[in-house]
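The values are calculated or read from the model by the stated rules, or taken from the named source; none is laboratory data. Treat the numbers as computed from the prediction; the structure is a model and nothing was measured. Virtual Cβ from ideal backbone geometry, glycine too; neighbours counted across all protein chains shown.
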Amino acid sequence: MLQPFEQAVTEHGAVVLRVCRAVVGPTEADDAWSETFLSALRAWPDLPDDANVRAWLVTIAHRKAIDVARAGARHAVPVGEVPDATAPRGDQPEEALPDADLWQAVAALPEKQRLCVAYHHVAGLPHPEVARIVGGTPAAARRAAADGIARLRTTYAPDGRVSLHV
Amino acid sequence: MSDLTIQLLTEPATGDRERLDALHAALVDRASAESSLHATYRVVDSPVGALLLAATEDGVVRVAFEVEDHDRVLESLGAAIGSRILRGGHRLDLLARELDDYFAGRRHVFDVPLDLRLARGFRLTVLRHLSEIPYGSTESYGEVAVASGNPRAVRAVGSACATNPLPIVVPCHRVLRSDGSLGGYLGGLPAKERLLALERAA
């Protein structure tokens, strides 16, 4: 790519942040975003000029999200220790995020559904592209995305409450 | 309800803008710290219009007028020096302050480090000489050719000025025709006139 990397951040930064929220939850999303763009920056000059930049970024975000989630699990607070008050935990999304309930409902989806919803509905990638990232067939990716949205409709009430009785 | 869930997934939330700005700033810091960036840039206002300022680790590499089209300038900068280019950072804060002082008449010499990698050969020789023309004075294209060691290369001096990657900072605006008329200027003749008037007044 001869285009300045800044353009990739400007055009896709917001979408990638939402994808990260869907995949690792709001708390770890900022870390996943930072790792994704730092890694993308390093590889940017070698990316072909006709590449689909958004699909490429989402693919990197997918790998980084796995790393961030693993690191989060490693750094989990042992029982009996007092958690840092300033660092919200994964199951208690930051108050500041107005759509925290939505991401909580997304987090509760089975993994395959969550990933397919994130990459198809949030990132806007076509099902074959989603299948390439998560594995399996495009038809399976389409079904997982549809099942995920159907499940969200029953677990997430848009007035801001998550139904706990599914 | 059906489309609302999907719509909520794709809609930016309030506060996302500020969060992204903070993440962007942190990205510039981390990338600078590990020397991943080919250049950073910022855009500043000036009496001769918005100026794009770009710097590598070595120094200021590009100053561009609005009429040059900042997007195109960034694109060709990416092609010339590498495309790991981000907006922001603090590398250009000093030049921005010095430009403010220059346009206020308080500063006659820029003392920021320069990266002249975009110029080569005779053009580079010309640019080095231009930096020696004192504030408030001018030379003709012919005089610059002589001083650059090639008296017959008057036209080449003209193209060195026209492709100066660091206008204002490397003062090609101080080069005029031998009859005293303005000649050309990559920022447009009104900008050249304005810079000369500023330097005459101080």
**Request:** Could you look through segment B:5-37, keep only residues that are surrounded by 15 or more Cβ atoms within 10 Å (Cβ to Cβ), facing chain A (nearest Cβ under 7 Å) and assigned to a loop (DSSP other than H, G, I, E, B), and pick out the one that is modelled with the lowest pLDDT?
**Result:** B:Ala13
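Out of all the residues in segment B:65-74, is one or more within 7 Å of chain A (Cβ to nearest Cβ) and modelled with pLDDT of 95 or more?
Checked against the condition, which is being within 7 Å of chain A (Cβ to nearest Cβ) and modelled with pLDDT of 95 or more, segment B:65-74 yields at least one hit.
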**Request:** Kindly provide the set of residues from segment A:8-43 that are of a type outside the set (S, T, N, Q) and touching a Pro at 6+ places or on another chain (Cβ under 8 Å), ordered by number.
**Result:** A:Ala14, A:Arg18, A:Gly25, A:Pro26
**Message:** Can you confirm whether B:Gly89 is within 14 Å of chain A (Cβ to nearest Cβ), in a loop (DSSP other than H, G, I, E, B) and either closer than 18 Å to B:Glu57 by Cβ or of a type in the set (Gly, Ala, Ser) (or both)?
**Reply:** yes
**Prompt:** Looking at segment B:28-37, which of its residues are hydrophobic (A, V, I, L, M, F, W, C) and under 23 Å from the mean Cα position of the chain (by Cα)?
**Reply:** B:Val28, B:Ala31, B:Leu37
**Prompt:** In segment B:117-142, which residue that is out of contact with any helix residue (DSSP H, G or I) (no Cβ under 9 Å at 6 or more places or on another chain) and not in a loop (DSSP other than H, G, I, E, B) is nearest to B:Arg200 (Cα to Cα)?
**Reply:** B:Arg128
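Considering each residue of segment B:143-179, count those that are part of a helix (DSSP H, G or I) and closer than 25 Å to B:Val48 by Cβ, and give that number.
Total satisfying the criteria: 11.
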**Message:** Among the residues that make up segment B:165-182, is at least one of them closer than 23 Å to B:Val61 by Cα, at pLDDT below 95 and outside the structural domain of B:Glu98 (by TED's automatic domain parsing)?
**Reply:** no
**Asked** Out of curiosity, is B:Ser83 of a type in the set (Gly, Ala, Ser) and within 14 Å of another protein chain (Cβ to nearest Cβ)?
**Response** yes
**Complete:** When segment B:102-118 is checked residue by residue, the ones that are surrounded by 12 or more Cβ atoms within 10 Å (Cβ to Cβ) and aliphatic (A, V, I, L, M) are B:Val112, B:Leu114, B:Leu116, B:Leu118
